[in-house]
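Colleague: After the structure tokens below, expect a handful of questions from me.
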Amino acid sequence: MSIIVKIFRWIIRILSLISIAAIIYLSLETDAGTSVSTREEGLLYAFFPVGVVIGMLFGWWFEGIGGLITLTSLIGLYITHYIFYGDFPKELDTLILSSPGLLFILFSIFTFNYRHRNMY
């Protein structure tokens, strides 16, 4: 495996760890003393932060799958928020904190030919 590929893989992994730590910190800070009180909030919470964190953890071993889980969770969050509240979330933190998932997808796409060319 090329050293450049390894470096990019580790950069994305480190960014995902930073994002996961920030997501956990923000979740604990904003939810201190409160709980998910409605079904809508529970579903939104399942998409972000739970689904996004699970996707980024999967991305450590399976970049494409982990990235797709993260992206699917983010899309689910936006669709669900729109259905329940009539608008999309206005905060950019969800997009910024989920960005390593997109990087996992891009890494998987760009290294697909490299991985399969060197298999045989």
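Computed from the coordinates by the stated procedures, all read-outs in this text should not be read as laboratory data. Everything quoted here is computed from the prediction, not taken from an experiment. As a convention, Cβ positions derive from the backbone with ideal geometry for all residues, glycine included, and neighbour counts pool all protein chains shown.
Colleague: Among all helices in the chain defined by DSSP H, which have a length of 24 Å or more along the axis from Cα atoms plus a Kyte-Doolittle mean of at least -0.5?
Modeller: Numbers: long enough: 3-30 (40 Å, 1.75); 63-85 (33 Å, 1.10); 93-117 (38 Å, 0.70).
Within the chain the helices that satisfy the rule are 3-30, 63-85, 93-117.
Colleague: For residue 72 and residue 3, what does the FRET efficiency come to when R0 = 25 Å and r is the distance between their Cβ atoms, rounded to the nearest 0.05?
Modeller: On the way: r = 32 Å, r/R0 = 1.27.
About 0.20, to the nearest 0.05.
Colleague: Please order 38, 72 by the number of other Cβ within 10 Å, starting at the fewest. Working shown, then result.
Modeller: Values: 38 9, 72 15.
So the ranking, lowest neighbour count to highest, is 38, 72.
Colleague: FRET efficiency for residue 113 and residue 10, Cβ-Cβ distance as r, R0 = 22 Å, nearest 0.05?
Modeller: Computed FRET efficiency for residue 113 and residue 10: 0.60.
Colleague: Provide the three semi-axes, in whole Å and in decreasing order, of the ellipsoid equivalent to the chain as defined by the square roots of 5 times the Cα gyration tensor eigenvalues. The partial results should precede the final answer.
Modeller: Values: eigenvalues 191, 45, 22 Å².
The three semi-axes for the chain are 31, 15, 10 Å.
Colleague: As a test of the formula, what do you get for the chain when each DSSP H run with n ≥ 4 contributes -39,500 (n - 2.57) and the sum is divided by the residue count, at 222 nm and rounded to the nearest 500 deg cm²/dmol?
Modeller: About -25500 deg cm²/dmol.
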